[in-house]
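One structure is given below, encoded as structure tokens.
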Amino acid sequence: MSERADGTRSPRTLASVSAVLTGTMALYIALVAFGNITDFGTNQQFVRHVLAMDTTFKDDDLMWRAITSTTLQDAAYIAIIAWETLAALILLAATAMWCASLREDGGGGGIRRARRAGTVGLLMLMLLFGAGFIAIGGEWFSMWQSKSWNGLDAATRVFLLSGIVLLLTHLPSASAERAEPGAEG
């Protein structure tokens, strides 16, 4: 990243980095959602097995948590796909906003809008993969116990990547330093 003599980073460089990274996450989750829609059955089985807890250690103290109703399992899977699709659309819009901010002459309004939209989309991914897959799937439904239906590594990867992109998009830039307090929002 280009750094100025005063130690701040160029807003154009940060906007470029943010556009590329947000776009990468948008592409990823769009492909995930597309795959889940066009190949519905593959991950449907994953969700069903995790919720049913049928490949865990089957500890009697935990099995009361299992959801064996295929209707509820499928409803959860459809909700996951809807969440992924919405996150993809928001991140795609944020990417377009970052790109538009690169064409603007000064002013941070475009950057602020892009950052807000990107933040929403990235937090959606962090909620889905962190709270949804890692916490609820991994711990509540004991997905960590399954050798065949364990998505914790993939969920951790997406959670961490989303967090890194989120942090990078919130780095201060020279324009942020000149902006009024609270304007960066």
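The values are calculated or read from the model by the stated rules, or taken from the named source; none is laboratory data. Just so you know, these numbers come straight off a predicted model, no measurement behind them. Cβ sites come from the backbone with ideal geometry, for glycine too, and all protein chains shown count toward neighbours. We work out accessible area using only protein heavy atoms, side chains counted, and drop any ligands, DNA or RNA first. Shrake-Rupley method; radii C 1.70, N 1.55, O 1.52, S 1.80 Å.
Tabulated results
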item: Exclusive hit being at pLDDT 95 or above, of a type in the set (Asp, Glu) and open to solvent by 50 Å² or more (accessible area, probe 1.4 Å), set Asp74, Asp153; result: Asp153
item: Ala135 vs. criteria open to solvent by 20 Å² or more (accessible area, probe 1.4 Å), out of contact with any helix residue (DSSP H, G or I) (no Cβ under 9 Å at 6 or more places or on another chain) and not basic (Lys, Arg); result: yes
item: Failed condition for Leu21, given (1) within 30 Å of Ser101 (Cα to Cα); (2) without any contact (Cβ under 8 Å) to a residue 24 or more places away in the chain; (3) not acidic (Asp, Glu); result: (2)
item: Filter result (open to solvent by less than 20 Å² (accessible area, probe 1.4 Å) and either touching a Gly at 6+ places or on another chain (Cβ under 7 Å) or more than 19 Å from Gly132 (Cβ to Cβ) (or both)) within the range 77-94; result: Ala87, Leu91, Ala94
item: Residue in the range 84-96 that is without any contact (Cβ under 8 Å) to a residue 24 or more places away in the chain and under 25 Å from Asp54 (Cα atoms) present; result: no
item: Residues located in the range 28-75, provided they are assigned to a helix (DSSP H, G or I) and among the charged types (D, E, K, R); result: Arg48, Arg65, Asp74
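Residue by residue, here is whether (1) part of a helix (DSSP H, G or I); (2) modelled with pLDDT under 95; (3) under 18 Å from Ile29 (Cα atoms) holds:
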| site | (1), (2), (3) |
| --- | --- |
| Gly110 | yes, yes, no |
| Thr119 | yes, no, yes |
| Gly138 | yes, no, no |
| Ala176 | yes, yes, no |
